[in-house]
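The structure under discussion appears below in the form of structure tokens.
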Amino acid sequence: MWERTLQDLIRGLRASKQDEAKFIATAIEEIRQEIKSKDMELKAAAVLKLTYLDMLGYDMSWASFYIVEVMSSAKVHLKTVGYLAAAQSFTQDTDVLMLTTNLLKKDFSSRPEEVAISLNGFSQFVTPDLARDLSPDLVKMLSHSRPHIRKRAVVLLFRVFQKFPEVIPHAMSRIRERLEDPDPGVVAATINVLCELARYNPSDYLSLAPLLFHLLTTSNNNWMLIKIIKLFGTLTPHEPRLVKKLMPRISEIISTTPAISLLYECVRTCIIGGMLQGTAGNALARTCVSKLATFLQDEDQNLKYISLLAMVNIVPTHPHLVAEYQDMILASVDDQDISIRMRALDLVSAMTNSNNLQAIVQQLLSHLVRTEASALPSAAQTLSQTASGTTQTPRLTSPSQNPAYRLILSQRILTICSQNTYENIVDFEWYLSVLVDLAYVASVDIGSEIRDQLVDVTARVQGVQRFTVSLMVKLLCDDTFLMNADQEGSCSEVLWAAAFICGEYCGELADPQKLLSYLLQPRVLDLPPDVIAVYLQATTKVFGVWASELAERWDSDDLPRVKDAVESTIERLADFVSNPDIEVQERAANALQLFTFIRADLNSYRPPVERGFGYEEVGSSSSNATEPDFPKSLFLIHPLSSTYELKTVAPNAQASVPIPEGLDLEAWIVPPPKESVGHARGESDDDGTIVETRMVKKGKKGKGKETGGAKARSKKKKDGDIGPERLAPAEEELTEAERAEQARLKAERLERQKDDPFYLSNDRHSRKPDQHDVDSIPVVHLDDLPPLSQAAENPRVPMLRSNDVQFSRQTFVIDRVGEMPSGAVSSVASSSSSPVPSVGLPAALINRGPSPSVGNGAATTTPLSGFPAYEVDDEVSGTATPPPIKVTRAKKKTKAVSGASNGKKRIAASSTMSAS
Amino acid sequence: MIHAVLIFNTSGKIFSLISARPASLCNFLDAPELEGFLVHKPEAGLGLGGPAGVEGEKLRVVYRNYATLYFVFVVDGAESELGILDLIQVFVESLDRAFENVCELDLVFHFDEVHHILSEIIQGGLVLDTNVEDIEIAVQNAAKARKESFATANPLALGAGGVGGSRGTGGLQTPLGWLTGKLTGVNTR
């Protein structure tokens, strides 16, 4: 009698804010008692309380049986509670649902109030089983005497169709009848259902078009008209003839309706329904876009928003119409409302072409610059901050300060620039400057993407390499990134790219010696290990190119300079040798040894006049009299890194390497020992390249016989002469059963390795055949760097591009597809009509290859016998002006080059393989 | 389809994305923070599969602010954005008619009643009715049925009826019931 009601519970909860957990624990304890009560009222009250607590996040799944009890009560006010609780807590897996079938059946044929309650409740927990069992009752209910019930039944049927589509054909004629229901509410509900259904299988509902069109012309219920218009929007792509019939009516609504929501839906349907083709369509398109443009100028932010939303859809077909409003759209990117900005961003990305790209990117980039003005809150914001009593509420400031938004904006800049392998970029020097600026201003964690882009662009566009190197030298000399490396969003990953590019294209360096000191400055030690490793590698390369340049125009005055440089390098390297990171340590040690060797050579070097004693011991005394007049060790390093040119590798280059004759990749290199089951054993991969030892778990069931047999045999063997028996190849003595066992094990192993990234499976040709986004694949795939997480507190913006900076208007040649191995075997049939690679293989490599005779760098017209995969890329025309560029094309494979640090090595390795 | 209907007040911490937006901004929320959450994943085991061509369709958040309350609807592409704004208005009007000048506390203490009203507008994610008059009548009929049922089960009860003592909507309150409600603060605004 004195149990707590729901009201008491809520009141108590609001009163005990400090000790909520304790209060709820007692309340749930009480509920657990009450819910078992024989008194239905009490039970229902407990269920209702529990439903409230469920809303607050407390579990009520344990009570599902009691809920069913309350649902089955004959009293409406209790039944309602039960169905409410069920709607809120039952899921597809609730086991008591199977108990409800008969209950629902009974309620469906009960008094109208109960039918309504049960229909509403059921709509929340429809399962395939319930849908199948109850659909006949529901279809029958479509002709219930009360419109209220008919309405509920027809709406519920959508849920049933979702779970049990087989019933659709039987029910469709009855649903169709509802379109002519005397009650307008039922018709509207039916339209809602059809609108949803048509999204799944539009063509099934084309036959309803005349009926719908009749409603479209006669009804004046805006909600229903919107839905009908939407429904036609999904139907017209499947029945072009509808367009002709609809166009007059829709045009009429567009020009007459006062309801903006209806007007907007009409415009939207015209766009997505493909009604804008042909001459009549063009006129309509113009009307639509001008309507949307008026929305865009409206002060109602909602209209602005939906207008941007609809314009995204019209851009692909009528870009010129939208382009007329480009300024207005760009202004929307500056809107203070983040929703509108996001939509405008979408639209702007869809609008980019090579003409407006620079202006758009410039504008987006300017958002990322933190100016004092934008950081100052407006008067209203200050007021609300004062009201809320907080001094600093960052989210009330401009959306530009929102890190999530900044990240999206930065990513968007990169995507629109790099889409379709830099299709829209005319001036790559500009793009590289944008990348560097972005790294300075982004203040979000986008460094690794910028890094990848820098490396990718530099490798693909040869003409821009000198510029990149000078840009990267500036980065390396600027200590902004070094200082902020440990802060979130500092983008210090670009230093990776900077060091890598300076090292890789060190031939383009203006002053290599100066760079050496920057590469080894003590602060580098604060960087992440993978960056330090690249710094060390770059140091060696830069020194190598400097030394060899020096040697070519050798002057005896240079000797002290070289000695100094080597001396200081060795001194600096000593710090790195003790780095805790193994990779850094190893590279530093390698470099140190090389430099020590050079030092020794330099010390023993005597100027040419004194030549005759002391120098011969370095070697080459066998070579006749032409002793070089410089220390030979100056040429020690340069060839190590410059023998092969780094180039983009076609994504499927590795897959196209022809298998040499006589190499059977299926053959065991070392036949597996037969008693291997259950033992650790060496497994040879199918490629024969990877041999790995791993534990083979023995399956527990169903293998008893086979393994038993194998064991017996192995035991027998053990009894005999173990040593030689084990070592000898066991291939020939396999019995049929063993072969079967082996095949099974192999199948198992393949299955296991299917998703293992460390295995190369030989069905890779068939995998991902439909992937064509060459541009998304970085030339040098970089290791996942641990994201540097910090935010620059006082980022400097030293070199933000402004519009007045003029870049050279040279045209750039982009290597879009990358290099393919010689004699590539393409698994995709590709014509070899004009096999002219734009970038030739390096001479050193070519000379070793048997067939192709391509000059270094220059394109020759000699057809290459072994290059079936080459063909002229026909999309090139859009990217460059004369002279015509030939770009090699090939199919792709994602893991062409993996591993950041050894990217170059890999490339060299695969080239070597292909050339031999 | 309507995927969710949320109501919360200005102090709702979880919903800071919406409650932080000044009134002058638009009623559609596109927050970068929600990007991952709103991508529509078709239910597994769904008989019909996903709607054609809307894989990865983004759900939209449409909201409206009334005094201290925010009404948030999460909808997919089958709904008209402006239409949903109207629907929120319909919902609030229906609440107002049922509760007579609705306020936040009404919704807190009569969450079941709010559910019943919502169930006359939306059922299973689809819109049932948009006509405020029809909705009001349906709500009253349902409430009346519950009350009569309660009255027959508890002939001696003084309260206005319903298991949770839900407030009468049909003007059938007894003076005493009304008084107790006043005293216990149910009707206090």
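The values are calculated or read from the model by the stated rules, or taken from the named source; none is laboratory data. Small disclaimer: the values here were computed from a predicted structure and weren't measured. Neighbour counts are summed over all protein chains in view; Cβ atoms, including those assigned to glycine, are modelled from backbone coordinates with ideal geometry. Just the protein is used for accessible areas: all its heavy atoms, side chains included, with ligands, DNA and RNA removed. Shrake-Rupley method; radii C 1.70, N 1.55, O 1.52, S 1.80 Å.
Once the C-beta distance of residue A:590 and residue A:643 is scaled by a Förster radius of 22 Å, the resulting FRET efficiency is 0.80 to the nearest 0.05. Using the Cβ-Cβ distance between residue A:350 and residue A:563 with R0 set to 45 Å, the FRET efficiency works out to roughly 0.15.
The slack between residue A:146 and residue A:203, meaning 0.36 nm per residue of separation minus the straight C-alpha distance, is 17.3 nm.
For the range A:47-199, how big is Rg over Rh, using alpha carbon atoms and the Kirkwood form of Rh? Using Cα coordinates only, the ratio equals 0.98. Maximal additional length on extending the residue A:183-residue A:752 stretch stands at 198.7 nm, based on 0.36 nm per residue less the C-alpha distance. When each of the peptides A:243-251, A:150-158, A:402-410, A:41-49 is scored by the mean number of other C-beta atoms lying within 10 Å of its residues, the order from highest to lowest reads A:150-158, A:41-49, A:402-410, A:243-251. Could you pull out the pairs from A:474/A:647; A:75/A:105; A:151/A:230; A:514/A:647 whose alpha carbons sit more than 22 Å apart here? As for pairs spanning more than 22 Å Cα to Cα, those are A:474/A:647; A:514/A:647. In this label model, residue B:11 and residue A:326 are separated by 5.2 nm, measuring between points 7 Å along each Cα→Cβ vector. In the context of the full protein assembly, residue B:117 retains an accessible surface of approximately 0 Å², using a probe radius of 1.4 Å and ignoring ligands and nucleic acids.
Subtracting the Cα-Cα distance of residue A:54 and residue A:98 from their residue separation scaled by 0.36 nm leaves 13.6 nm.
With a 1.4 angstrom probe, the accessible area lost at the B-A interface totals about 6100 Å². Placing A:367, A:214 in order of accessible area, with the largest value first and a 1.4 Å probe, yields A:214, A:367. In terms of the mean number of neighbouring beta-carbon atoms within 10 Å, the peptides A:118-126, A:103-111 order highest first as A:118-126, A:103-111. Peptide B:74-86 shows a mean partner chain C-beta count of 6 within 10 Å per residue C-beta. Each residue, residue B:137 and residue A:132, gets one label point 7 Å from its Cα in the Cβ direction; the gap between the two is 4.0 nm. Counting, for every residue in B:19-29, the Cβ atoms of other protein chains within 10 Å of its Cβ and taking the mean gives 6. For residue A:603 and residue A:420, a Förster radius of 51 Å and the Cβ-Cβ distance give a FRET efficiency of 0.35, rounded to the nearest 0.05.
Mean per-residue shielding of peptide A:216-224 is 2, counting Cβ atoms of other chains within 10 Å of each Cβ. Under the simplified labelling scheme, the residue A:359-residue A:239 pair shows an inter-label distance of 4.4 nm, with each label point 7 Å from Cα along Cα→Cβ.
Interface residues of the range B:120-148, defined as those with an accessible-area decrease of at least 20 Å² between the chain by itself and the complete set of protein chains (probe 1.4 Å), are B:120, B:123, B:124, B:126, B:127, B:128, B:129, B:130, B:145, B:146.
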